[in-house]
1. Look through region 212-230, keep the residues that are modelled with pLDDT under 95 and assigned to a strand (DSSP E or B), and return whichever of them is nearest to the chain's Cα centre (by Cα).
2. Given the structure, is residue 206 touching a helix residue (DSSP H, G or I) at 6+ places or on another chain (Cβ under 8 Å) and either at pLDDT 95 or above or in a helix (DSSP H, G or I) (or both)?
3. From the residues in region 226-244 that are surrounded by 19 or more Cβ atoms within 10 Å (Cβ to Cβ), in contact with a helix residue (DSSP H, G or I) (Cβ under 8 Å, 6 or more places away or on another chain) and touching a residue at least 40 places away in the same chain (Cβ under 8 Å), which one is nearest to residue 8 (Cα to Cα)?
4. Given the condition closer than 19 Å to residue 251 by Cβ and in the same structural domain as residue 242 (by TED's automatic domain parsing), answer yes or no: does some residue in region 138-158 qualify?
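The values are calculated or read from the model by the stated rules, or taken from the named source; none is laboratory data. Because the structure is predicted, anything quoted here is derived from the model rather than measured. Note that each Cβ is placed from the backbone with ideal geometry, even for glycine, and that neighbours are counted across all protein chains shown.
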C-alpha cells in the first residue's frame with residue numbers, strides 16, 4: 001500500500017470528521033496506515049489552522065457541508081492534485097484580504113484550508129463554500145440567487161448584482177478549461193457569467209487548475225489568459241502549462 005502524503009491524510013481526516021461528526025485517533029491511524037502519533041500531529045495542524053476542534057481522544061466536526069461538494073463526481077478526478085493545489089493556494093492569502101471565491105471542487109478545498117486568523121472577508125456565490133467558511137469563523141458574504149448547478153452555486157441576476165456591490169483584493173476561481181486558443185472557459189454559462197464579474201472587480205485573479213483542465217476549451221468563454229496574475233496547478237500541471245501557454249502566464253505549483 002502506498003504511503004499517503006500529509007496533504008492526503010489531512011484531506012481524509014477532514015472528510016471523516018465532516019461525515020461522522022467525531023472520530024478517534026486509533027481508527028484514523030488504522031484507516032490511514034500510520035501511527036497514532038502521526039494522526040495526532042495531523043489533527044493538531046488542522047486544529048491550529050481552524051479546520052476542526054479536538055476532544056479527548058479524537059477530533060470533532062465544525063458544522064459544515066463540505067463533504068457534499070467534495071464527493072461530487074468531478075471532485076474524485078485528480079483528487080491528490082486538487083488537494084495540493086487548494087492547500088497551496090490558501091497558504092498564499094494575506095491578512096485582511098477581501099476575496100471573491102468561485103464555485104467548484106478545487107475551490108472547496110481552498111475554502112477548507114483558508115486560515116481562520118487573517119481577518120478575511122470572503123464573498124461567494126457557493127452555498128457549500130459559505131457554509132464551510134462561516135463554520136470556521138471566517139466572515140462570509142453570500143450572494144443569494146437561483147441555485148442552478150450541481151455545485152450549489154447561487155446564480156442569475158441576483159448573484160451578479162450582489163457581486164457588483166463589492167471590490168476584492170483577489171478573485172480565486174477554478175476553470176472548466178484553460179487553453180491558448182480559448183483562454184478561461186466553463187461548461188456552465190451561469191458559472192462563466194459569475195466568474196467574469198468577479199474578475200472585472202478584483203485587483204488580482206488567481207485560477208486553480210488541475211492538470212485535466214489544461215488544454216481544454218469548454219463552451220462558455222470567461223476571459224483571456226492575460227487577465228490572470230497567477231495560475232496555480234500541481235507539479236505535473238506546471239509542465240503541461242508551459243507547453244500550452246509558453247511564457248504568457250505566471251504559473252505556481254506546490255513543491256513536491
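1. 230
2. Numbers: touching a helix residue (DSSP H, G or I) at 6+ places or on another chain (Cβ under 8 Å): yes; either at pLDDT 95 or above or in a helix (DSSP H, G or I) (or both): yes.
Answer is yes for this residue.
3. 234
4. The first filter runs over region 138-158 and keeps only residues closer than 19 Å to residue 251 by Cβ, leaving none.
Checking region 138-158: not a single residue is closer than 19 Å to residue 251 by Cβ and in the same structural domain as residue 242 (by TED's automatic domain parsing).
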